[in-house]
Amino acid sequence: QDSTTTMTLDANFLVTGDTTLGGLTITKDLQVGSIRLESLTNELSVIGPSCYTKATGSLNEELCELQTIYFQKNLSGNIDFMDGAILFEADGTVRIEGEVEAAQIKTSELVFDKDSDYVGSGVLKAESTEVKIETKSIDANSKVIITPTSNTYNEVLYVYEKAEKEYFIVKTNSPVTEDIEFDWWIITIK
């Protein structure tokens with residue numbers, strides 16, 4: 001047979017044994033077991049009832065577990081979405097190039113990169129009332145959390161001024177007699 005020959009069937013085609021194909025184009029939906037890929041909506045889903053009701057917030061954990069779709073369950077490699085924009089690594093690490101938007105984030109630990117401009121330490125020197133902290137991460141809507149890490153000698157540290165993308169100033173009302181050390185953390189509000 002000529003390799004350019006096409007066989008067209010305008011009927012159902014049932015194969016009950018193993019099948020090997022060199023290439024496959026599907027113009028309608030594909031169903032493999034209980035997993036369906038719908039061509040019109042570009043949807044990959046499990047065929048079955050919903051395990052979560054958004055309107056009431058009710059969750060059927062047993063049904064959700066039963067209908068779970070697993071990707072790389074055998075940990076044979078990473079899962080890459082959109083050319084590295086989202087990368088799931090086999091050890092559970094998730095790398096995201098863009099922003100993450102979520103209604104709520106729950107974590108057991110929050111870790112900042114050591115070179116982050118959002119966290120740091122400062123020292124208010126003895127006999128002064130203010131110190132300038134230079135950082136490009138500050139803006140008018142930023143919240144700066146100050147945590148003293150040494151004795152404050154009954155002086156309150158507060159953020160006196162913020163200059164967008166440049167610095168913020170930590171101040172006390174009276175000069176201090178000894179150095180006051182503190183940590184700071186910037187939270188951006190959008």
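Brief remarks on what is shown
- Output for segment 139-162, where each listed residue is modelled with pLDDT of 95 or more, hydrophobic (A, V, I, L, M, F, W, C) and either surrounded by 13 or more Cβ atoms within 10 Å (Cβ to Cβ) or assigned to a loop (DSSP other than H, G, I, E, B) (or both): 144, 146, 156, 157, 159
- Any hit, segment 165-188, residues being buried (at least 16 other Cβ atoms within 10 Å of the Cβ), part of a strand (DSSP E or B), under 25 Å from the mean Cα position of the chain (by Cα) and in contact (Cβ under 8 Å) with a residue 12 or more places away in the chain: yes
- Residue in segment 99-119 that is open to solvent by less than 80 Å² (accessible area, probe 1.4 Å) and modelled with pLDDT of 95 or more present: yes
- Restricted to segment 32-49, and to residues there that are among the aliphatic types (A, V, I, L, M) and surrounded by 11 or more Cβ atoms within 10 Å (Cβ to Cβ), the residue that is nearest to residue 97 (Cα to Cα) is 44.
- Meets criteria (open to solvent by 60 Å² or more (accessible area, probe 1.4 Å) and in contact with a strand residue (DSSP E or B) (Cβ under 7 Å, 6 or more places away or on another chain)) for residue 52: yes
- Only one of the numbered conditions (1) open to solvent by less than 100 Å² (accessible area, probe 1.4 Å); (2) in contact (Cβ under 8 Å) with a residue 40 or more places away in the chain; (3) not in a strand (DSSP E or B) is violated by residue 127, and that is (1).
- Being of a type in the set (A, V, I, L, M) and under 23 Å from residue 189 (Cβ atoms) is a property that holds for residue 140.
- Taken together, the residues in segment 96-124 that are basic (Lys, Arg) and farther than 26 Å from residue 165 by Cα amount to 1.
- Exactly one residue out of 187, 96, 180, 146 is in contact with a strand residue (DSSP E or B) (Cβ under 7 Å, 6 or more places away or on another chain) and under 30 Å from residue 71 (Cα atoms): that is 96.
- The residue of segment 70-98 that is farthest from residue 171 (Cα to Cα), among those that are open to solvent by less than 50 Å² (accessible area, probe 1.4 Å) and not in a loop (DSSP other than H, G, I, E, B), is 79.
The values are calculated or read from the model by the stated rules, or taken from the named source; none is laboratory data. Quick caveat: nothing in here was measured; it's all calculated off a predicted structure. Heads up, the Cβs are rebuilt from the backbone with ideal geometry, glycines too, and the neighbour counts pull from every protein chain shown. Accessible surface areas use protein heavy atoms only, side chains included; no ligands, DNA or RNA. Shrake-Rupley method; radii C 1.70, N 1.55, O 1.52, S 1.80 Å.
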